[in-house]
């Protein structure tokens with residue numbers, strides 16, 4: 001493998017000195033880019049795009065050709081794993097993902113098995129390997145998965161949900177059954193992420209999009225415990241380098257201490273937590289990734305720059321921060337605004353990493 | 001006015017001794033009750049129901065005739081105020097509220113004025129007075145309003161929103177304009193809540209449904225500051241009794257200390273915050289209202305009872321807690337499950353208020 005030309009992202013995750021604060025954007029390969037929309041329309045449906053390694057590679061690299069981002073992230077969907085378990089994933093325009101065969105009963109769960117990483121999910125591994133080759137060492141490649149709780153909500157609801165009525169009813173009334181499902185999904189996700197590392201992923205992120213819908217007690221028992229189990233089973237070194245793992249629970253700002261104790265390398269933060277407060281709470285244990293409100297990208301480049309300055313000042317001097325949005329980039333953002341963000345972070349962050357930082361630290 | 005037969009709710013909000021933990025449920029007059037659906041179908045559209053004092057009174061009292069609740073809450077909608085400002089509120093089935101004339105420009109805002117509480121919102125005041133009379137002192141009546149930030153999001157978006165793209169763009173790029181709008185809405189809400197107290201409301205609640213979508217900095221500047229301004233302008237005594245005010249920011253668990261400093265009497269909590277932690281943080285300053293996950297009502301009565309026991313134990317002995325859900329009761333909950341909740345709270349909470357509480361306190 002070509003050696004990495006830019007390892008700023010990996011170094012920041014491991015809290016090693018860097019020259020500037022690295023940045024990537026959740027959903028950076030996406031609908032806000034005209035070149036993505038062009039590839040997407042060539043691909044057919046959304047899943048055709050995910051399942052075609054060449055096209056998945058193409059869209060993964062598109063934002064890197066536009067902006068000097070410090071990491072690439074595999075273009076895929078969190079629901080590839082339940083799909084490979086036989087649930088029959090399909091997307092409807094404007095309504096999001098659905099499963100033909102949702103999981104509602106003990107029998108439904110007992111019929112499920114851990115999918116085969118080659119036969120069922122080989123298309124993901126091929127995409128990872130291809131992207132890695134095409135990157136040629138420009139920046140590291142991030143692999144990812146949904147968290148067991150997040151995947152289980154889609155599997156039980158049969159799609160997206162506002163209230164999680166069915167999945168929470170199962171959790172409350174049949175906790176043993178929900179634990180059985182979560183254990184199975186956690187085993188599948190562990191294999192899935194390890195297979196991504198074996199195929200070339202250099203960092204991993206677990207997206208717990210819906211953990212924040214739980215009480216603190218339920219979060220620990222039904223979401224965090226399974227992410228900790230995955231972390232315990234992950235390959236943490238490849239090609240002689242540490243493979244850092246980022247844990248992101250949207251709405252999890254109240255639980256950072258518990259999240260930091262799972263053994264992850266970094267926590268993703270949404271914008272409802274002050275980054276400086278988060279650093280004071282867990283910055284001694286983990287790196288932090290985030291946390292600009294994605295809606296700032298609707299504002300003027302000047303306003304974006306001002307927000308970047310505020311967030312950088314809130315974190316303060318030193319390493320351990322990867323700049324990102326607090327959630328995915330919205331599809332109707334102007335690419336020029338994303339560019340303004342990337343430029344601002346890389347320019348304004350340098351003083352915070354200078355050995356002679358005027359503010360001390 | 002008839003003296004109150006049950007003042008447990010008011011006493012708990014003022015952190016005075018009570019015999020048991022009082023309970024009411026957000027959206028307790030609602031679609032989960034067949035008698036509500038019957039009245040609703042007689043009324044015509046949803047706004048017809050809100051604007052008809054007799055029918056609004058009827059549905060307000062329905063849950064009290066079923067369950068031994070400790071408070072009634074005015075049946076109305078948070079969008080009555082912007083509607084009275086001339087925005088033209090209407091509801092579409094399944095899609096929620098819309099405004100015919102959203103507020104997008106400086107001219108749009110300058111055209112707005114504080115509505116007249118008699119000419120424009122007299123129907124709300126008539127409903128309050130009628131409900132108060134029909135209650136005959138059974139339990140206190142809660143009046144309410146949306147928070148300025150929450151109302152402003154609907155006014156600028158022209159309806160509900162997932163991302164608040166337009167309202168946040170205004171906030172980021174034209175903060176002075178957003179402040180102008182928020183100041184106007186805060187003035188209107190202050191008059192609106194005072195008029196409700198003058199008509200008979202005995203406690204007030206401010207619903208900041210969308211404050212949790214903001215960064216900590218933006219929350220303080222664009223949501224909390226205007227709720228504090230309202231609190232400073234409210235009549236806090238009526239008929240010789242304190243009129244307690246409850247502040248509820250959904251998703252505001254990280255900001256309880258700042259919220260408690262506004263001068264409110266109680267904070268509403270959603271289920272993502274541990275009630276015992278919240279009490280340790282701000283229980284010396286304010287009462288707490290909440291915080292069961294509404295989805296528990298999909299679970300069995302036994303499971304509901306177990307959750308009630310956990311929440312009561314988390315708060316611990318002594319006054320200062322009003323039991324509630326962390327958000328409105330879902331429309332597809334079985335009324336028997338709501339009854340199980342009310343019964344469990346009133347039965348299981350008595351030991352926590354006994355002068356000889358075995359656990360001390």
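Readers should treat all values here as calculations from the given coordinates under stated rules, not as data from a laboratory. Remember, it's a predicted structure, so these values are computed and weren't measured experimentally. Neighbour counts run over all protein chains shown; Cβ positions are idealised from the backbone, glycine included.
Odds and ends about this structure:
- Any hit, segment A:200-215, residues being buried (at least 19 other Cβ atoms within 10 Å of the Cβ), over 21 Å from residue B:274 (Cβ atoms) and within 14 Å of another protein chain (Cβ to nearest Cβ): yes
- Given (1) surrounded by fewer than 18 Cβ atoms within 10 Å (Cβ to Cβ); (2) within 29 Å of residue A:5 (Cβ to Cβ), number of the condition residue A:76 does not satisfy: (1)
- Helices (runs of 4 or more DSSP H) enclosed by segment B:265-349 - at least 3 residues per element that are at the interface with another protein chain (Cβ under 10 Å from one of its Cβ atoms) and buried (at least 18 other Cβ atoms within 10 Å of the Cβ): B:301-315
- From the options A:144, A:172, residue that is surrounded by fewer than 24 Cβ atoms within 10 Å (Cβ to Cβ) and without any contact (Cβ under 8 Å) to a residue 40 or more places away in the chain: A:172
- Counting residues in segment B:95-103 that are touching a helix residue (DSSP H, G or I) at 6+ places or on another chain (Cβ under 6 Å) and buried (at least 23 other Cβ atoms within 10 Å of the Cβ) gives one or more.
- Of the residues making up segment A:39-57, just one is in a loop (DSSP other than H, G, I, E, B) and free of Cβ contacts under 8 Å to residues at least 12 places away in the same chain, namely A:44.
- When we screen A:224, A:182, A:151 for residues that are more than 14 Å from chain B (Cβ to nearest Cβ), in contact with a helix residue (DSSP H, G or I) (Cβ under 7 Å, 6 or more places away or on another chain), free of Cβ contacts under 8 Å to residues at least 60 places away in the same chain and on the phi < 0 side of the Ramachandran plot, the only hit is A:182.
- Total residues in segment A:255-285, condition without any contact (Cβ under 8 Å) to a residue 12 or more places away in the chain and over 20 Å from residue B:217 (Cα atoms): 1
- Only a single item in (1) crowded, with 16+ Cβ neighbours inside 10 Å; (2) without any contact (Cβ under 8 Å) to a residue 60 or more places away in the chain; (3) under 24 Å from residue A:159 (Cα atoms) is not met by residue A:36, and it is number (3).
- In segment B:134-151, the residues that are under 21 Å from residue B:67 (Cβ atoms) and part of a helix (DSSP H, G or I): B:134, B:135
- Selection status of residue A:156, in contact with a helix residue (DSSP H, G or I) (Cβ under 7 Å, 6 or more places away or on another chain) and more than 14 Å from chain B (Cβ to nearest Cβ): no
- Residue tally, condition surrounded by 24 or more Cβ atoms within 10 Å (Cβ to Cβ), within 13 Å of another protein chain (Cβ to nearest Cβ) and touching a residue at least 60 places away in the same chain (Cβ under 8 Å), over segment B:227-254: 1
- Qualifying residue in segment B:105-126 (condition: outside any helix (DSSP H, G or I), without any contact (Cβ under 8 Å) to a residue 12 or more places away in the chain and within 30 Å of residue B:335 (Cβ to Cβ)): no
- Out of B:10, B:61, one residue alone is assigned to a helix (DSSP H, G or I) and surrounded by fewer than 22 Cβ atoms within 10 Å (Cβ to Cβ). It is B:61.
- Any hit, segment A:202-218, residues being on the phi > 0 side of the Ramachandran plot and free of Cβ contacts under 8 Å to residues at least 12 places away in the same chain: no
- Of the residues in segment A:234-250, not one is in contact with a strand residue (DSSP E or B) (Cβ under 9 Å, 6 or more places away or on another chain) and within 17 Å of residue B:217 (Cα to Cα).
- Annotation: residue B:67 fulfils all but one of (1) under 28 Å from residue B:219 (Cβ atoms); (2) out of contact with any strand residue (DSSP E or B) (no Cβ under 7 Å at 6 or more places or on another chain); the unmet one is (1).
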